Amino acid sequence: MKENEFSLITPEIQRLADLSAVHFTIDPSLYGKYDVKRGLRDINGKGVLVGLTEISEVCATKRDGDQIIPADGELFYRGYNVKDIIAGLGPDNHFGFEESAFLLIFGKLPTVAELKEFTSLLSFYRSLPTSFVRDIIMKAPSHDMMNTLARSVLTLYSYDNKADDISLPNVLRQCMQMISLFPLLSVYGYQAYRHYHDGESLFIHKPLAELSTAETILHILRPDSSYTPLEAKLLDIALILHMEHGGGNNSTFTTHLVSSSGTDTYSVIAASIGSLKGPRHGGANIKVVQMFEDMKENLKDWKDEDEVRAYLKAVLNREAFDHAGLIYGMGHAVYSLSDPRARIFRSYVERLSIEKGFTDEFALYAMVERLAPKVISDERKIYKGVSPNVDFYSGFVYRMLGLPLELYTPIFAIARIAGWSAHRLEEIAYNSRIMRPAYMSVSNRREYIPMSERAGEL
């Protein structure tokens with residue numbers, strides 16, 4: 001296939017890029033000299049405090065006398081431990097994503113009547129504007145579903161008569177609509193892509209009012225709309241664990257940042273989607289799956305600890321996989337001893353691996369979980385503990401569920417839109433100042449040179 005000329009890196013562009021690169025170098029030592037927190041966090045992973053929130057709390061330390069020491073991670077939604085929220089779903093086996101979304105947005109656990117009203121509204125909103133699928137989603141489908149999702153969100157602006165109204169009731173209405181519509185926008189976008197680019201049959205299943213968000217995803221994705229109770233349950237738990245993670249994660253901070261400008265909800269959420277797409281954020285679970293696929297291709301014996309350890313060492317030394325020097329799924333910017341989401345997820349993952357016949361692969365994941373922290377400790381100078389993060393197992397879960405790789409990050413977005421919504425509402429309700437952080441210039445002052453006296457650089 002002939003390459004699109006629009007996308008070519010021409011010799012002229014390469015030459016200009018080389019020129020610009022010379023002037024995009026900052027001495028790393030200057031960050032220490034001026035006490036600049038790269039990545040808005042210190043060397044131990046503690047984030048720079050830029051705001052206050054009541055929506056969630058990420059805990060990775062505890063106080064011992066006058067000292068702050070690392071501790072097993074905990075995650076709280078509106079003061080409730082997320083492990084207790086998930087444990088509370090057990091007896092009657094009901095789905096929890098909608099209940100947790102209500103908690104994040106309204107600050108309380110819903111009664112039966114309140115949850116029924118909330119889910120009824122979500123079902124009511126789970127319908128796209130007339131011809132939206134044909135005119136928007138089916139036109140020029142992208143190979144990346146996150147870009148498709150962002151485009152769809154921005155286009156919904158045109159269908160909203162009160163798109164720029166940022167009053168609390170109107171923003172709440174917009175947020176609830178997007179919580180409801182994200183599964184449709186994501187899955188339909190994928191169906192359009194695989195039809196037009198891969199020549200596959202096109203399935204556009206209508207959502208059913210009585211289904212939960214997790215069930216809806218499986219219903220509209222699979223050709224026969226079938227799924228087992230355990231599949232739906234595990235996907236629901238994945239959505240709960242991914243829906244919120246404090247105000248400081250990159251995409252949620254984007255929500256606060258862009259909301260502070262006073263812009264519309266659709267622009268805010270599209271910006272947050274762009275953040276989540278990044279491989280250092282929502283796209284990390286894809287890298288985990290790809291790393292394990294590469295591992296399985298290159299290992300002679302998955303059960304040989306020495307061989308697995310050697311592979312992990314090679315990854316760290318940029319000699320294997322993508323040569324980035326990262327063991328994906330290990331480590332977190334905040335957590336050190338453990339990521340509570342990974343701990344919660346693990347037991348359910350093991351159950352699904354038995355149901356789906358993936359026990360050998362689960363054993364490999366478990367071995368890497370055990371070996372990787374020691375390998376990283378031996379090969380790297382680290383300032384805090386390293387443990388599996390939620391991405392370590394989530395990609396494996398999605399693979400066992402038969403979800404296409406293209407939907408891994410959109411499913412993250414389907415979950416996180418609940419958290420983004422809560423944070424947008426919080427920003428609108430409590431803050432009235434545009435965010436304007438500072439950057440220190442470290443460039444030298446120079447005298448202006450007339451054009452006739454300039455030396456050529458091209």
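Here V58 meets each of (1) buried (at least 19 other Cβ atoms within 10 Å of the Cβ); (2) without any contact (Cβ under 8 Å) to a residue 60 or more places away in the chain; (3) not in a helix (DSSP H, G or I) with one exception, condition (2).
Kindly provide the set of residues from segment 1-42 that are touching a Gly at 6+ places or on another chain (Cβ under 9 Å) and either in the same structural domain as V334 (by TED's automatic domain parsing) or of a type in the set (K, R) (or both), ordered by number. Give the derivation first.
As a first pass, look at segment 1-42 and keep what is touching a Gly at 6+ places or on another chain (Cβ under 9 Å): 37, 39-41.
Selection gives K37, R41.
Quick test for you: out of V397, V375, pick the one residue that is touching a Leu at 6+ places or on another chain (Cβ under 9 Å), more than 21 Å from H242 (Cα to Cα), touching a residue at least 24 places away in the same chain (Cβ under 8 Å) and in a helix (DSSP H, G or I).
Details: V397 fails: more than 21 Å from H242 (Cα to Cα).
Within the list V397, V375, the selection yields V375.
Looking at segment 418-431 only, could you name the residues that are surrounded by fewer than 24 Cβ atoms within 10 Å (Cβ to Cβ) and of a type outside the set (S, T, N, Q)?
From segment 418-431, those surrounded by fewer than 24 Cβ atoms within 10 Å (Cβ to Cβ) are 425-431; that's our starting set.
L425, E426, E427, I428, A429, Y430, listed by residue number.
G282 satisfies every condition listed in (1) touching a helix residue (DSSP H, G or I) at 6+ places or on another chain (Cβ under 9 Å); (2) modelled with pLDDT of 95 or more except (2). Here the condition is being among the hydroxyl-bearing types (S, T, Y) and buried (at least 16 other Cβ atoms within 10 Å of the Cβ); of S120, S127, S100, it holds for S100 alone.
The values are calculated or read from the model by the stated rules, or taken from the named source; none is laboratory data. Quick caveat: nothing in here was measured; it's all calculated off a predicted structure. Heads up, the Cβs are rebuilt from the backbone with ideal geometry, glycines too, and the neighbour counts pull from every protein chain shown.
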